[in-house]
Amino acid sequence: MNRRRCVVGKRSGEIARKRLKLLLAAEKTDCSPDFLEMIKDDICAVVSKYMDIDPEEIEVGITKAVFKGVPDRVPAFYANIPARCLSYKGII
Amino acid sequence: MSEVIVITSGKGGVGKTTTSANIGTGLAMLGMRVALIDTDIGLRNLDVVMGLENRIVYNLVDVVEGNCRMKQALIRDKRYPNLYLLPSAQTRDKSAVNPEQMIKLTEDLKDDFDYILLDCPAGIEQGFRNAVAGADRALVVTTPEVSAIRDADRIIGLLENGDMGQIQLIVNRVRTDMVRRGDMMSVDDVMDILAVPLLGAIPDDEAIVISTNQGEPLAGTDTPSGQAYMDICKRLLGEDIPVCIPEAGRSLISRLTGFLKRA
């Protein structure tokens, strides 16, 4: 069991969860999962210029959120990017 | 004040009919007057799960077309006198009934029953539209698998657009052992993805197969799934019972062999 975990890297439950999140977000916005993957890659490229992040840990999707001054919950794009180190990457 | 509840899922084979039978039976055990309606015209199954397949004379389409009175088509359950089944037609198709007729049918039942449960067919076509037409509340059944959750999400979208009063989630066939080792999405994961309030979770329990074989729903019996279904019924009646998922109801032998394989 442990061996499989090493080979795959992630447990299948987690793989299923991530695949679904991406798929459902894509279906809600009527665009392909590739579209979200492309945004994710671009965000990753920009953010990693400034801080240490793991591309594998980034989660993007579409959700519904409340915004100031808007009465209803509206679709919102979100990106969760766990930062490993917040110090400005050796630039300062 | 009676309530019309549709049990739906999008995907087939996730346990809509089993859930309908067990919630109906559980509510009847708790003293409610319950009418179970099989809306799957052409592919009826609620009658066999309830063990009432030999008592069918008239069906839903007969009632809608005026070939018989409602009372003639309703079959009284063999164990609970306050539980009735309106079977579906086997030799017709979904187009035999329209949403307006279904609304009238459920309205007609409201005088005599506290709960009217509609077992919805799989899919998002006319059968689905017929089943949800007269419902005040929808219970979306899913399993912790990608295909079932994707379809549940689609169904939830359709229900929201159709202004369904209340939408709640039932996660079926949960295997706590697989969730624990990370090979199955947890109930929390499913809730997070679908963003719908949870009504209950049912463990993957071999007692369900036995109960279906015998045609006797197991709600309220001393089995993990029987207890989970009873908890759902009590929550429907307004009791505040926390959701806990009992260990999968597998026999000692299969659990032991499973353990030995893993070791």
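The values are calculated or read from the model by the stated rules, or taken from the named source; none is laboratory data. Just so we're clear, the structure is a prediction, and the values are computed from it rather than from any experiment. Counting neighbours? That spans all protein chains shown, and the Cβs are built from the backbone with ideal geometry, glycine included.
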Worksheet item: Out of all the residues in the stretch B:138-162, which are assigned to a loop (DSSP other than H, G, I, E, B), away from every other protein chain (no Cβ under 11 Å) and farther than 20 Å from B:Asp119 by Cβ?
Response: none
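Kindly check whether there is at least one residue in the stretch B:205-226 that is closer than 30 Å to A:Ala26 by Cα, hydroxyl-bearing (Ser, Thr, Tyr) and in contact with a strand residue (DSSP E or B) (Cβ under 7 Å, 6 or more places away or on another chain).
no
So which residues in the stretch B:20-48 are assigned to a helix (DSSP H, G or I) and surrounded by fewer than 24 Cβ atoms within 10 Å (Cβ to Cβ)?
Residues of the stretch B:20-48 that are assigned to a helix (DSSP H, G or I), as a first pass: B:20-29, B:46-48.
Correct list: B:Met29, B:Val48.
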Discussion item. Among the residues that make up the stretch B:170-177, is at least one of them touching a residue at least 12 places away in the same chain (Cβ under 8 Å), within 13 Å of chain A (Cβ to nearest Cβ) and in a strand (DSSP E or B)?
Written reply: yes
Fill in: Top-ranked residue in the stretch A:40-64 [being over 13 Å from A:Asn80 (Cα atoms) and among the aliphatic types (A, V, I, L, M); ranked as surrounded by the most Cβ atoms within 10 Å (Cβ to Cβ)]
A:Met51
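Would you mention how many residues in the stretch A:60-79 are in a loop (DSSP other than H, G, I, E, B) and under 12 Å from the mean Cα position of the chain (by Cα)?
Looking only at the stretch A:60-79, we keep the residues that are in a loop (DSSP other than H, G, I, E, B), and these are A:66-73.
Those still in the list that are under 12 Å from the mean Cα position of the chain (by Cα) too: none.
Within the stretch A:60-79, residues that are in a loop (DSSP other than H, G, I, E, B) and under 12 Å from the mean Cα position of the chain (by Cα) number 0.
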Worksheet item: How many of the residues in the stretch A:5-49 are away from chain B (no Cβ under 14 Å), part of a loop (DSSP other than H, G, I, E, B) and modelled with pLDDT under 85?
Response: 2
